[in-house]
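The values are calculated or read from the model by the stated rules, or taken from the named source; none is laboratory data. A quick note: this is a predicted structure, and the numbers were derived from the prediction, not measured. So basically every Cβ, Gly included, is an ideal-geometry build from the backbone, and we count neighbours across all protein chains shown. These area figures cover heavy atoms from the full protein model, side chains too; ligands, DNA and RNA do not enter into them. Shrake-Rupley method; radii C 1.70, N 1.55, O 1.52, S 1.80 Å.
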Amino acid sequence: MSGEAPDPIQVEDEILQVLFWMQGEGLGREVTLARLTRFLAFPSEAVLKAAQNLISKGQLKAVSPLPELVVQLSETGQAEGGRRFQDEFESYLGHESHLVCDDPDCDCHTPDWDGACAHLGRVQ
């Protein structure tokens, strides 16, 4: 990465996508900022600033405060993270992905569905 500071919007976007992905893959709903930073190509200071901004916007919840900040997606963050993840990786995901559940009668299988399936938060 060059000496330029990363675009704050890009950092926020990546945080939402990674947290959505981690949750969908069963890697955790609550994540330390240190662990989150390992998945991102941004300096820890930029990740902290973006996470704090996402908390103030209501897209992230602080589960535990600094120095070991633990965050999770809020309901709006979950929807936004899912939308951004789908936009970014749609061509790789095909029709079925971890964005949808195994219940063929669920709304997540309809063409106009927008967001994360409510069933995905349950242990299967």
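Data overview
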{"read-out": "Qualifying residue in segment 83-97 (condition: more than 18 Å from GLU14 (Cα to Cα), among the hydrophobic types (A, V, I, L, M, F, W, C) and modelled with pLDDT under 85)", "value": "no"}
{"read-out": "Within segment 37-46, tally of residues that are buried (at least 16 other Cβ atoms within 10 Å of the Cβ), outside any helix (DSSP H, G or I) and in contact (Cβ under 8 Å) with a residue 24 or more places away in the chain", "value": "2"}
{"read-out": "Top-ranked residue of segment 57-75 - restricted to ones that are in a strand (DSSP E or B) and either in contact (Cβ under 8 Å) with a residue 40 or more places away in the chain or of a type outside the set (A, V, I, L, M, F, W, C) (or both), ranked as nearest to ILE9 (Cα to Cα)", "value": "LEU60"}
{"read-out": "Any hit, segment 26-36, residues being touching a residue at least 60 places away in the same chain (Cβ under 8 Å) and open to solvent by 30 Å² or more (accessible area, probe 1.4 Å)", "value": "yes"}
{"read-out": "Any hit, segment 36-53, residues being at pLDDT 95 or above, among the aliphatic types (A, V, I, L, M) and under 24 Å from THR110 (Cβ atoms)", "value": "no"}
{"read-out": "Segment 1-13, residues that are outside any helix (DSSP H, G or I) and either at pLDDT below 90 or among the charged types (D, E, K, R) (or both)", "value": "MET1, SER2, GLY3, GLU4, ALA5, ASP7"}
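Rundown of residues vs (1) free of Cβ contacts under 8 Å to residues at least 12 places away in the same chain; (2) touching a Lys or Arg at 6+ places or on another chain (Cβ under 9 Å); (3) open to solvent by less than 70 Å² (accessible area, probe 1.4 Å); (4) outside any helix (DSSP H, G or I), yes/no style:
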| position | (1), (2), (3), (4) |
| --- | --- |
| ILE15 | no, no, yes, no |
| LEU48 | no, no, yes, no |
| ALA51 | no, no, yes, no |
| ILE55 | no, yes, yes, no |
| GLY77 | no, yes, yes, no |
| GLU88 | no, no, no, no |
